[in-house]
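Q: Quick one: the structure is below, questions incoming.
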Amino acid sequence: MAKKTDPIAVFDSGMGGISVLREMVRLMPEEDFIYFGDSKNAPYGTKTLEEVRSLTLSNIKYLLEVHHAKAIAVACNTATSAAVRILRELYPEVPLVGVEPAIKPAVSCMDHPRVLVMATPYTLNGDKFKNLKEVYQEQAVIEPLPCPGLMEFVERGVLYGEDLEYFLHEKMDPFLKDGIDAIVLGCTHYPFVRDTIQRIAGDEVLLFDGSLGTARELRRRIHAAGLENDAEHKGNVTFLNSTGDPGRIRLSLTLFNM
Ligand code: DGL
């Protein structure tokens, strides 16, 4: 039986989910959080459905059973797409949220915009994205842009510089030359390279990510389950990483405090 003093677990294939964790901590400073990054098995975005699903299920089981998480945030678009439905079936009593590309606010930003959705190949091949694309296809031109290799920059702590710019130009230039109105950062690693993406896209292009929406949804679900911690409690964040490497924890803290 979960207690309101138990922690909230936030999970990602690596460092990316820290972009979502930051919003959650801002919104719920009274909660304790455990952040688990599976950097040992990253990237997830180029793996098969079976691989992503099985890694996600076993990591969530570990967070529930060993760390007694009272709620779960799957702060990874790839893992959400592969496993969130099954997780809800397995743990119907646990407040659980996933993330998905923030296409809805992006398509509503103007009349019939051209929207670039940057995400992992896995996310863009998944049913979740295909359904979203179908729902909004009358309202916008939606261009998927798979970015295998981009999360690795963040995993190495490379958030600026020539190599990153070269990589992004190669990916984005073919779309930018025809004009893009909005970009969806459809992988939780990408907000950490937001400045570079914005510079390459130009100031007039609007950028969207789903972190704040996910944090709000988690707060709603914790409230509905009657599991909010006492308002006067000062929450803690504990970082765990499957590599066991202290360098990963240091990088996690740097990204968290950015
Ligand atoms: N951060 C993850 C996401 O939001 C994926 C990165 C990866 O492991 O490929 O999709």
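The values are calculated or read from the model by the stated rules, or taken from the named source; none is laboratory data. Because the structure is predicted, anything quoted here is derived from the model rather than measured. Here the Cβ positions follow ideal geometry from the backbone for every residue, glycine too, while neighbour counts run over all protein chains shown. Note: accessible area is taken over every heavy atom of the protein model, side chains too, but ligands, DNA and RNA are not part of it. Shrake-Rupley method; radii C 1.70, N 1.55, O 1.52, S 1.80 Å.
Q: For segment 190-231, give me the residue count where each residue is acidic (Asp, Glu), in contact (Cβ under 8 Å) with a residue 40 or more places away in the chain and more than 25 Å from Thr80 (Cβ to Cβ).
A: The total comes to 1.
Q: Can you name every one of the helices (runs of 4 or more DSSP H) wholly within segment 180-257 that holds 1 or more residues which are open to solvent by less than 40 Å² (accessible area, probe 1.4 Å) and charged (D, E, K, R)?
A: Details: elements: 194-201, 211-224, 246-256.
Because the criterion is at least 1 residues that are open to solvent by less than 40 Å² (accessible area, probe 1.4 Å) and charged (D, E, K, R), no helices (runs of 4 or more DSSP H) in segment 180-257 meet it.
Q: Would you confirm whether any residue within segment 5-24 is within 16 Å of the chain's Cα centre (by Cα) and open to solvent by 10 Å² or more (accessible area, probe 1.4 Å)?
A: Within segment 5-24 (the criterion being within 16 Å of the chain's Cα centre (by Cα) and open to solvent by 10 Å² or more (accessible area, probe 1.4 Å)), the answer is yes, since at least one residue qualifies.
Q: Going through segment 145-158 one residue at a time, which ones are out of contact with any Pro (no Cβ under 6 Å at 6 or more places or on another chain) and either open to solvent by 50 Å² or more (accessible area, probe 1.4 Å) or at pLDDT below 95 (or both)? If you could, list the steps in order and put the result at the bottom.
A: Here is the first cut: in segment 145-158, the ones out of contact with any Pro (no Cβ under 6 Å at 6 or more places or on another chain) are 145, 147, 149-150, 152-158.
Matches in segment 145-158: Glu152, Arg156.
Q: Further question: Within segment 157-205, take every residue that is among the polar types (S, T, N, Q) and away from the ligand (no atom under 16 Å from the Cβ) and give me the one that is farthest from Pro144 (Cα to Cα). Spell out how you get there, then give the answer.
A: Keep residues of segment 157-205 that are among the polar types (S, T, N, Q), which gives 188, 196, 198.
From what is left, the residues that are away from the ligand (no atom under 16 Å from the Cβ) are 196, 198.
On the way: Thr196: 19, Gln198: 17 Å.
Looking at residues that are among the polar types (S, T, N, Q) and away from the ligand (no atom under 16 Å from the Cβ), I get Thr196.
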